[in-house]
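Colleague: Just passing along the structure, written as structure tokens.
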Amino acid sequence: MSKIQIKLAITTALSSILIACGSSSDTTTKNYKETISTDQAVTQIINLSVIPTVDNFQQQTQKLVTDVDTLCADINENNLTAAQSQWKNTAEAWFQYLPFHLGPSNNSPDLIEPEFIFIDSLRLRGINYTDTVRNDLAAEINKSDPVDPAIFASKNFQRVGLLAAEVALFERSSDQSQALADIVGDYSANTNKCNALKGYAQQLAKRADNIQQSWKVDYKNSGSSFRDLFLNGTLSTVPNEKDTAADAQLILSTNEYMDYVHKRTIINDAGVLANHSWQLVNTALLSFEKMVEGTTGTTVSFADLMQVNAAGDLTTLRNNISRVKQTIADENEVDFYAATLTLDGNIKRELKNGLGISVGLNFSDGD
């Protein structure tokens, strides 16, 4: 099914799904308890869910560097398969983090270009840069002199990141064959392909390190971690930052992720060569669900607060999370996009209102 056909089918399916799930573009005014403190729940979300996803992404990129080095030292199908598997682990770790795409991944140590675009080029404008990567990789492979992996630090975002590593690992450069023997032969015949792959992996690891350091050690040269600034409400002490409530920022971040998913044909563009698209969106959904429900060690969750203050809204939210899960299990693109749109609306209304958040939020219309 083409992208245009998918979008037309989504439009046709929306009305019945939105009615069934109780979603509406209008914000319903309800009376909740005047004061709902989310501070403890937010702190536990950051410490028990967000920081572990940050650490996991950093660890998976390091493992990818190791597996790529192993492949290039001994080029064979087993080592290629291991590196491909680790790419999937790394991509899943990134999608696990995406619902929490806050300051550190939106900025960088040089304060010029955000880290995320060098990891996930699709997220910026929804443009698939696969052909751009293929052409650039072919140019590097065909160079007569050895390619230094370090040069990939100066490549623009369209030519690096998870997509570039995926292209290098999952297809032969000359004809896009995905047979293991053909890809192994490609690496054996072209030393520079390994050098390019090393460059891609090393730059992913560098970006992951930067994000982790910003979350846990020093954000934008402030001397304080983003975690502490975020939870203490002191982000305004950092240039070009403001102290929007932490719970509101979390909800806005998850809304922007859902908005991105249902407005882009992400199933057709993310993890396609690796045949891993559905696993990626499932990982992100489970990460969002964990934010709502809590995880091991959680004593107060958003769901706990909603159960007391807006039990009906919590039921609606849970039902629609389950609906998105089912569309993923069925691998039904049309229903997946439509159900994600409904869940996007639940975040703007049921989750926000059910937590008693009254601060103004400018929800995006898409990246």
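Colleague: Out of all the residues in the stretch 253-278, which are over 23 Å from V42 (Cα atoms), open to solvent by 10 Å² or more (accessible area, probe 1.4 Å) and of a type outside the set (V, I, T)?
Modeller: H262, K263, R264, N268, D269, A270, L273, N275, H276, S277, W278
Colleague: Restricting to the stretch 129-156, and then to whatever is under 21 Å from the mean Cα position of the chain (by Cα) and at pLDDT 95 or above, can you tell me which residue is nearest to N275 (Cα to Cα)?
Modeller: Within the stretch 129-156, the match that is nearest to N275 (Cα to Cα) is T130.
Colleague: Where residues in the stretch 68-111 are surrounded by fewer than 19 Cβ atoms within 10 Å (Cβ to Cβ) and at pLDDT below 95, which of them is nearest to N240 (Cα to Cα)?
Modeller: L111
Colleague: Moving on. Looking only at residues that are in a loop (DSSP other than H, G, I, E, B) and open to solvent by 50 Å² or more (accessible area, probe 1.4 Å) in the stretch 35-57, which one is nearest to G103 (Cα to Cα)? Before the answer, list the steps.
Modeller: The initial filter retains those residues of the stretch 35-57 that are in a loop (DSSP other than H, G, I, E, B), namely 35-38.
Those left that are additionally open to solvent by 50 Å² or more (accessible area, probe 1.4 Å): 35, 37.
Working: T35: 28, S37: 23 Å.
It comes out as S37.
Colleague: I would also like to ask the following. Taking the conditions exactly as written (more than 18 Å from A246 (Cβ to Cβ) and either modelled with pLDDT of 95 or more or assigned to a loop (DSSP other than H, G, I, E, B) (or both)), does I357 satisfy them or not? Talk me through it step by step, then tell me what you get.
Modeller: Numbers: more than 18 Å from A246 (Cβ to Cβ): no; either modelled with pLDDT of 95 or more or assigned to a loop (DSSP other than H, G, I, E, B) (or both): yes.
Here the answer is no, as I357 does not meet what is asked.
Colleague: Which one is most open to solvent (accessible area, probe 1.4 Å) among residues in the stretch 121-142 that are outside any helix (DSSP H, G or I) and in contact with a helix residue (DSSP H, G or I) (Cβ under 6 Å, 6 or more places away or on another chain)?
Modeller: Applying the first criterion (outside any helix (DSSP H, G or I)) to the stretch 121-142 yields 121, 126-129, 142.
Subset that is in contact with a helix residue (DSSP H, G or I) (Cβ under 6 Å, 6 or more places away or on another chain): 121, 129.
On the way: S121: 7, Y129: 25 Å².
Here the answer is Y129.
Colleague: I've got another one for you. Test of understanding: among N319, N309, N282, which residue is in contact (Cβ under 8 Å) with a residue 40 or more places away in the chain, surrounded by fewer than 21 Cβ atoms within 10 Å (Cβ to Cβ) and in contact with a Phe, Trp or Tyr (Cβ under 6 Å, 6 or more places away or on another chain)? I'd like the intermediate steps shown before the answer.
Modeller: Working: N319 fails: in contact with a Phe, Trp or Tyr (Cβ under 6 Å, 6 or more places away or on another chain); N282 fails: in contact with a Phe, Trp or Tyr (Cβ under 6 Å, 6 or more places away or on another chain).
Exactly one of N319, N309, N282 is in contact (Cβ under 8 Å) with a residue 40 or more places away in the chain, surrounded by fewer than 21 Cβ atoms within 10 Å (Cβ to Cβ) and in contact with a Phe, Trp or Tyr (Cβ under 6 Å, 6 or more places away or on another chain), namely N309.
Colleague: Taking T237 and the conditions (1) under 27 Å from G126 (Cα atoms); (2) open to solvent by 50 Å² or more (accessible area, probe 1.4 Å); (3) of a type outside the set (D, E, K, R), which numbered condition does it fall short on, given that it satisfies the others?
Modeller: (1)
Colleague: Among the residues in the stretch 167-184, are any on the phi > 0 side of the Ramachandran plot and surrounded by 17 or more Cβ atoms within 10 Å (Cβ to Cβ)?
Modeller: Step one: of the stretch 167-184, the residues on the phi > 0 side of the Ramachandran plot are 176.
Add one more test, that the residue is surrounded by 17 or more Cβ atoms within 10 Å (Cβ to Cβ), and what stays is none.
Looking for residues that are on the phi > 0 side of the Ramachandran plot and surrounded by 17 or more Cβ atoms within 10 Å (Cβ to Cβ), one finds none in the stretch 167-184, hence no.
Colleague: Scan L343, L351, L305, L317 and give me the residue that is part of a helix (DSSP H, G or I) and closer than 15 Å to Q40 by Cα.
Modeller: Working: L343 fails: closer than 15 Å to Q40 by Cα; L351 fails: closer than 15 Å to Q40 by Cα; L317 fails: closer than 15 Å to Q40 by Cα.
L305 is the lone residue from the list that is part of a helix (DSSP H, G or I) and closer than 15 Å to Q40 by Cα.
The values are calculated or read from the model by the stated rules, or taken from the named source; none is laboratory data. Source: prediction; values computed, not measured. All Cβ positions, glycine included, derive from the backbone under ideal geometry; neighbour counts span all protein chains shown. Side chains included, ligands, DNA and RNA excluded: accessible areas come from the protein's heavy atoms. Shrake-Rupley method; radii C 1.70, N 1.55, O 1.52, S 1.80 Å.
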